Each structure stands twice: as structure tokens, then as C-alpha cells.
1. For residue 149 and residue 28, compute 0.36 nm times the residue count separating them, minus their Cα-Cα distance, and round to one decimal in nm.
2. Can you put 39, 120, 188, 166 in order of accessible area, largest first, using a 1.4 Å probe?
3. Please compute, over every Cα-Cα pair in the stretch 2-187, the percentage with a separation greater than 20 angstrom.
4. Could you work out the relative contact order of the chain? I mean the mean sequence separation of Cα pairs under 8 Å and 6+ apart, divided by the number of residues, in percent.
5. If you rank 63, 180 by how much accessible surface each has, with a 1.4 Å probe, what is the order from largest down?
6. Quick one: putting +1 on the C-beta of Lys and Arg, -1 on the C-beta of Asp and Glu, what dipole do you get for the chain around its Cα centre, in Debye to the nearest 20?
7. Add +1 for every Lys or Arg and -1 for every Asp or Glu among the other residues with Cβ under 11 Å from the Cβ of residue 104, and state the total.
Amino acid sequence: MIGVGFPDILWPVLVFLGVEKAEINPDSPLQKDVRFKSYPYSHSLVVSFIISCIVGLVIASFINPITGAVFVIASISHWFLDAVVHLKDLPITGFRNGRKVGLELWNRPRMTFVIEFIFYALVVLLVIPKAYILPLLVLGTAGHLLNASSVFGFTKSDPFKSIKPYAIFCIIGFVMFSLIANYVLENYSS
Ligand SMILES: [Zn+2]
């Protein structure tokens, strides 16, 4: 969880410190209307990979090499999945004026909603032990529905008036989902 989410854990911290730049559109709650102006450290293929390798090495030396390797692979997979949904704002090298990519699935709300859920459900079905599948599908469905306004736009304005509260919410959301998933795994196997 920490590995696949690492770029999105690093991003709010760097936005908060003013190192990376993004803006929300106060008149739209849609995810596609968040402008990711500069995020080379958390979300470029090359620089993010280097950073996750450094963190992976630390994990490898403190925990074990396999955990470190899994962290790096999970972390870099984030870029490829983000490349499917993001508008053309994902940097490849992370250097100034470098090429940016994105297949722009966020421009198709219904498809985004369906494909993201199918992807989550498929991963759960393929990699999670049988006993935990049902509770994690329920949790994922709840999380997906809670996030639906960022795809369909149920409100006329963004509930966050600036990027910093949005960044804090991102971290809290991710940590909450991880903690609840962990709780479910420990208590609700069927
Ligand atoms: Zn991301």
C-alpha cells in the first residue's frame, strides 16, 4: 500500500512545502480540473524512480531486500497507472521543459468510474487471499462511491478552496483507507 501510494504520499508533502506546484479550480470539484503545474520529484518517471530507489535501499537495509524491491516496483507502477488517467501533465524525465504525457481518461467520467473500479476489483480478486476478498470489495466500493463527485461533479464548486487543504485531505484519505483496509484484513475475513 505504501509502495503504490508513495508518489501520492510524497506529493502533498512537497506541495505543502511549496516545492511542487498545483492549483485547484474553485468552480469545479472534478479531478481533471486540478492543474498539476510542476511535480517532477513525486510524479516523473525518471526522478521519481531515482527517489523510490533511494527509499527502497533504506527499506532493504532496515527491513529486508525483498521488501525494498517490492516497494520500488510498486512505487514506479504508480506512474504507469497515473499515465492512463492524467491529462498530459505527467513528466517523463522531470527536467524543466521535458515531455509530458497522459492518456486523459479523466476526460471521460463514466469510463473513468467503471475502469478504475474494475481495475481495483480485478487486483483484489487476483492477488488477495480468498477470505479477504469480500470485505475488501465492500471497502473499495465504499471508497469509490465516496470519491464519485471528483469524477461526475455533484457539487458546483470544489469543497477545497485552495491546494493546501486538498493536499492534506489526500494524505488523510490515503492513510485512512490503508488503516481501514488493515483493520478489515485483521478482523473481517469471511
Ligand atoms: Zn499520483
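The values are calculated or read from the model by the stated rules, or taken from the named source; none is laboratory data. Worth saying up front: this structure is predicted, and the values here are computed from it rather than measured. Using ideal geometry, Cβ is built from the backbone for each residue, glycine included, and neighbour counts are taken over all protein chains shown. We work out accessible area using only protein heavy atoms, side chains counted, and drop any ligands, DNA or RNA first. Shrake-Rupley method; radii C 1.70, N 1.55, O 1.52, S 1.80 Å.
1. 42.6 nm
2. 188, 120, 166, 39
3. Value for the stretch 2-187 (Cα pairs over 20 Å): 59 percent.
4. For the chain, the relative contact order is 28 percent.
5. Output order, biggest surface exposure first: 63, 180.
6. In total the dipole reaches around 380 debye.
7. Working: positive: 32, 88, 108; negative: 89.
Its environment carries a net charge of +2.
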